[in-house]
Amino acid sequence: MQTIEKGVLYIVATPIGNLGDITQRAIDVLKQVDWVAAEDTRHSAKLLQHLGVSNRLMSLHDHNEQSRIASLLQALCAGESGALISDAGTPLISDPGYHLVKSLREAGVEVRPVPGASALIAALSVAGMATDRFCFEGFLPAKSLKRQHALAALAQETRTLVFYESPHRLLACLVAMSEVLGAHRKVFIAREITKQFEQFVFMALSQAIDYFQENNDKVRGEFVLVVAGAPLQPHLPQDWDALIHVLLDQSLPVKQIAEIVARYFSAKKNTVYSRVLALKHD
C-alpha cells in the first residue's frame, strides 16, 4: 500500500458506473486520508462502504464550497490529509472543487491527482472522431435562447465538440444542435457508460432526434454527446494577401515568401508563388 503524505489534498477519480473501474491507488488513498469531501455524501457513503473506507465524510457541493474552503485549508495546514471525490468520475470536470483547489494552490498547499475514470475521455476514446484536438463544453445552458447562442459561438469550431447532457434536456439539446450546427453534422451519443444499460449511438443529428423520439425509453441516464467539428474551409488566394504584403514589405525573396505562406495556409507552393509574383508587380 502506498503511504500518503500529510497536508495534501488528493483529487480522487471514482467509477462512473462499473465499480470495478476503481484503481487500487484510489482505494489506498481513500483509506488513509483523515477525511473525504464528497458532492453527495449519501451517494458517496455507499461507494466508501463498498470499498471498506470508514474515514470522516463531509459534503462539498456548489452551495457550500466557498464556506468550506477556510476550514479545509486550516485542516490541511495543520497536517491533515484529505480527499475530494465527486458523485462519479474525475472531480472538477463539470463538478464542484475548482474554487477549493484554486484557493489551496494560492495558499501553497499541495494538491495531487489520483487519476481514474472520466465520462468525457471514455466517450471520446470510442467515438471514432478526431481526438488530437477537441473542445469540452460541459453542460449547455438550460434556457433555449442561451443554448442557441452558445452553440452559435461554436458553429465554426473545427475541433471535436464534447458535451454532457441530462435526459430531460436531451431532445431539446439535439434539436438546437441540428438547427445551429446543421442537421447532417455527425454526433456520437454515449449513454450510461460502463453501466448495465450502456448504449452508443452514432448518426447525423437529425437521425438522432428521430431515434430518441421513437425510443423514449432510451432517454434515461447520463449522456455524453461527441459532435464532429465544422469542416475546414479551404482558403482562397485572396486570404493569403495580407500575409504576402507584410512579407513583401520586409523585402523577402519571392521564393521564401511562397514557402512561408504555403506552409501557413497548407497550400501548394507553386500556386502561392504565382500569387506572390502577381502582387509584387501589381
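Per residue, the convex hull spanned by the alpha carbons of segment 120-227 comes to 86 Å³.
Quick one: of Lys46/Lys218; Lys143/Lys186; Lys186/Lys269; Lys186/Lys218, which pairs are farther than 28 Å apart, Cα to Cα? Among Lys46/Lys218; Lys143/Lys186; Lys186/Lys269; Lys186/Lys218, the Cα-Cα distance tops 28 Å for Lys186/Lys269. Within a straight-line Cα-Cα reach of under 21 Å, Lys6 can be paired with the following lysines, leaving aside sequence neighbours fewer than 8 residues apart in one chain: Lys31, Lys102.
Computed on segment 120-227, with alpha-carbon pairs under 8 angstrom and 6+ residues apart, the relative contact order is 31 percent.
The three principal axes of the C-alpha atoms in segment 197-282 carry coordinate ranges of 67, 19, 18 Å, sorted with the longest axis first. Magnitude of the charge dipole for the chain, about its Cα centre and with charges confined to Cβ atoms of Lys, Arg (+1) and Asp, Glu (-1), is about 380 debye.
For segment 237-280, a crude dipole built from +1 on the beta carbon of Lys and Arg and -1 on the beta carbon of Asp and Glu, taken about the Cα centre, is about 200 debye to the nearest 20. Coordinate range of the alpha-carbon atoms in segment 8-117 per principal axis, descending: 36, 26, 22 Å. Sequence-ordered 3J(HN,Hα) estimates for segment 164-169 from the Karplus curve with 6.51, -1.76 and 1.60 and θ = phi - 60° stand at 9, 8, 8, x, 6, 10 Hz, glycine and proline given as x.
Taking amide H positions as modeled 1.01 Å from N, with prolines and chain starts lacking one, the residues under 5 Å from Ser59 and 5 or more places away or on another chain are Ala38.
Rounded to the nearest Hz, the phi-derived 3J(HN,Hα) couplings of segment 11-21 under the Karplus curve 6.51 cos²θ - 1.76 cosθ + 1.60 (θ = phi - 60°) are 9, 10, 7, 10, x, 8, x, 5, 5, x, 7, where x marks glycine and proline.
Think of the chain as having a plus end and a minus end, set by charges on the Cβ of Lys, Arg, Asp and Glu; of Asn216, Leu60, His149, His149 sits farthest toward the positive end of this dipole. The Cα-based radius of gyration and maximum Cα-Cα distance (Dmax) for the chain are 25.0, 80 Å. For Lys268, which lysines qualify as cross-link partners when the Cα separation must be under 27 Å and same-chain residues fewer than eight apart are set aside? Within the straight-line limit of under 27 Å, Lys268 reaches these lysines: Lys255, Lys280.
Computed on segment 237-280, with alpha-carbon pairs under 8 angstrom and 6+ residues apart, the relative contact order is 41 percent.
Residues whose amide H comes within less than 5 Å of that of Cys135, counting only those at least five positions distant or on another chain, are Thr160, Leu161, Val162 (H built at 1.01 Å from N in the peptide plane).
Every number here is computed from the coordinates shown, using simple stated rules; none is lab data. It should be emphasised that the depicted structure is a prediction, and the values quoted were computed from it without experimental measurement. Reconstructed Cβ throughout: ideal geometry from the backbone, glycine too, with neighbour counts over all protein chains shown.
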